[in-house]
Amino acid sequence: MKLDELIEHLDYKDLVNFKNINITGISYNSKTTKNGDIFVCLVGEHTDGHEFVQSALENGAVALLTERKLDNVNVPQVIVSSTRRKIADIADRFYSSPSKGINLIGITGTNGKTTVTHLIQKIFEENNQKCALIGTLGYKLSSNGEYRDAKHTTPQAPELQATLRMIKDVEKIDNVVMEVSSHALEQNRTGGCEFNGAVLTNLTQDHLDYHITMDNYFDAKAILFKNLPQGAFAVINSDDKYGERFLNTVPDGVKKYTYGVKTHADVMAKDINFSLNGAEFTLCENGREHKVNLHLNGMFSVYNVLAAVTASLALGIDIEISLKALQNVKGVAGRFEVVVKKPLVIVDYAHTPDGLENVLKSAREITPADGKLICIFGCGGDRDATKRPKMGAIAQKLADKIIITSDNPRSEDPQVIITDIIAGLLSVDTENVIVEPDRGAAISLLRGVANNNDVVVIAGKGHEDYQILKDKTIHFDDREEARKVFEGSVI
């Protein structure tokens with residue numbers, strides 16, 4: 001694509017050294033820049049792309065998208081107010097706006113995004129329609145397909161637009177369901193994407209190290225709904241305390257749907273029961289009732305199913321088809337995943353106060369009267385520290401015994417993180433509160449702590465198969481570690 005075509009609709013401030021050269025790619029990492037790329041000088045929290053221009057030029061960059069004029073540079077410079085915002089515009093332009101030819105559904109919220117995307121993909125397939133998925137675990141082209149790597153919950157704009165174009169043109173898939181993180185919305189990674197529908201799971205405390213306040217966090221999530229085009233749909237959790245605020249951000253001409261358990265909504269669940277086999281409830285919509293039996297467990301699973309069903313109704317898919325699809329779902333990797341039978345060991349990605357509370361309440365529902373509920377958890381380093389004591393308090397209140405350990409400590413001292421967690425405890429009873437900074441050793445402690453009729457929740461990392469330490473990243477998988485401890489009882 002010629003440079004003038006790429007920037008034709010771009011609101012740029014200035015052009016320096018302009019030549020109408022051919023652009024063959026977009027890069028923002030100087031190390032991976034290729035011949036013919038326009039190099040985007042992204043300004044982030046820790047790095048400034050302007051400092052790596054020379055490296056990008058040496059690797060073949062033929063033009064620059066910058067926030068200021070750079071001296072001693074002979075290639076064309078397109079100067080904009082924010083490279084972070086404008087990279088999405090040129091990516092959308094370069095890949096010829098792929099989202100306009102796709103039925104793109106965005107899922108946002110603090111918890112449940114991954115599960116809801118997987119459920120909606122299953123519903124599409126039950127309806128004999130192909131659907132690709134983009135999210136935390138990567139992207140995949142069918143529910144039975146392999147995940148392909150994605151570096152973020154929502155990829156950076158060039159990768160996202162390239163992926164959408166590949167899904168549309170190469171794979172011939174017209175439906176895409178995508179997790180949309182608050183960071184991606186705030187950083188405009190989804191700029192240029194035209195969503196046909198948006199779903200809110202919930203909004204609870206997370207990422208305040210980045211957003212600082214809950215109002216800022218809300219504003220970031222609300223971008224997805226504010227930008228919905230005429231004829232699109234919005235699905236909102238009416239039980240969430242921010243639900244009404246989200247509804248108020250939806251533009252006129254966008255169809256609104258709600259779901260819930262406690263408040264009146266378009267789609268509701270009642271008569272909810274949990275057992276070792278899963279959840280069962282009655283789903284109510286349009287004056288009709290449907291019996292639902294799930295392999296999935298926990299109240300959060302009920303909400304996730306309601307979100308997926310409501311989205312499918314908005315898409316015009318018959319509810320019986322949706323329910324058939326969902327009742328056959330066994331689970332999602334690292335989401336309330338049962339990995340050992342005796343004791344019952346559950347691995348879950350819960351890493352927020354609300355997420356931990358939900359998973360422990362769900363685990364309590366299936367804990368035998370003569371059994372204990374045991375929770376192993378930690379908190380991530382270099383992240384919102386205010387949630388650490390809250391998670392400690394929640395774990396102590398809802399579990400009979402807690403083992404506090406490390407999550408991904410990153411650059412922080414694990415002991416400092418653990419001290420923050422302990423600050424939320426009412427008391428430190430050494431019988432029921434165990435501290436073991438080594439996560440592998442903490443899980444090994446279960447051998448002497450958990451009996452066959454107990455339920456164990458290992459929370460925080462879920463599907464992750466690595467642990468980020470101060471000076472390295474190591475292979476570590478909660479599921480593998482639990483199976484090693486209880487080899488004779490592995491599912």
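A short reminder: the numbers here are calculations on the coordinates, not readings from a lab. Here the structure is a predicted model, which is why all the values come from computation and not from measurement. No Cβ is skipped: glycine too gets one built from the backbone with ideal geometry, and neighbour counts run over all protein chains shown.
With 0.36 nm allotted per residue and the present C-alpha distance subtracted, the N17-K262 stretch has 82.0 nm of extension available.
Segment N277..S427, full-extension length gain: 50.5 nm, with 0.36 nm per residue of separation and the alpha-carbon distance subtracted.
Taking a straight Cα-Cα cut-off under 18 Å and skipping sequence neighbours fewer than 8 places away in the same chain, the lysines within cross-link reach of K401 are K342, K361, K372, K390. Bridging of K291 to lysines at a Cα separation below 16 Å is possible for K270, K324, once same-chain residues fewer than 8 apart are set aside. When DSSP beta bridges are restricted to pairs lying wholly in the stretch 317-425, around 50% turn out antiparallel. Here the average projected area of the convex hull drawn through the C-alpha atoms of the stretch 98-327 stands at 12.0 nm². First measure r as the distance between the Cβ atoms of R148 and K291, then evaluate 1/(1 + (r/R0)^6) with R0 = 25 Å and state the FRET efficiency to the nearest 0.05. Given R0 = 25 Å and the Cβ-Cβ separation, E is 0.10.
Inter-label distance, A333 to N451: 3.6 nm, where each label sits 7 Å from its Cα along the C-beta direction.
Partner lysines whose Cα lies under 21 Å from the Cα of K226, excluding those fewer than 8 positions away in the same chain, are identified as K86, K100, K113, K241, K255, K256. Rounded to the nearest 20, the size of the Cβ-charge dipole of the chain about its Cα centre is 560 debye, with Lys and Arg at +1 and Asp and Glu at -1. The fraction of all Cα pairs in the chain landing in successive 10 Å bins from 0 to the largest distance is 4, 19, 27, 25, 16, 7, 2, 0, given as whole percents. Other residues with beta-carbon under 14 Å from the beta-carbon of E431 carry, at +1 per Lys or Arg and -1 per Asp or Glu, a net charge of 0.
Angle between the Cα long axis of helix 113-126 and the longest principal axis of the chain, 0 to 90 degrees, nearest 10? Between the helix axis and the principal axis of the chain, the angle is about 90 degrees. Here is the list for the stretch 106-172: trypsin sites (Lys or Arg not before Pro) lying in DSSP coil, each with at most 13 other C-beta atoms within 10 angstrom of its C-beta, are K151, K172.
Legend: translational diffusion of the stretch 3-94 by Stokes-Einstein, Rh = Kirkwood radius over C-alpha pairs, 4 °C, 1.567 mPa s; D = 102 µm²/s.
Packing, as the average of other Cβ atoms within 10 Å across residues, places the peptides 240-249, 11-20, 349-358, 217-226 in the order 349-358, 217-226, 240-249, 11-20, highest first.
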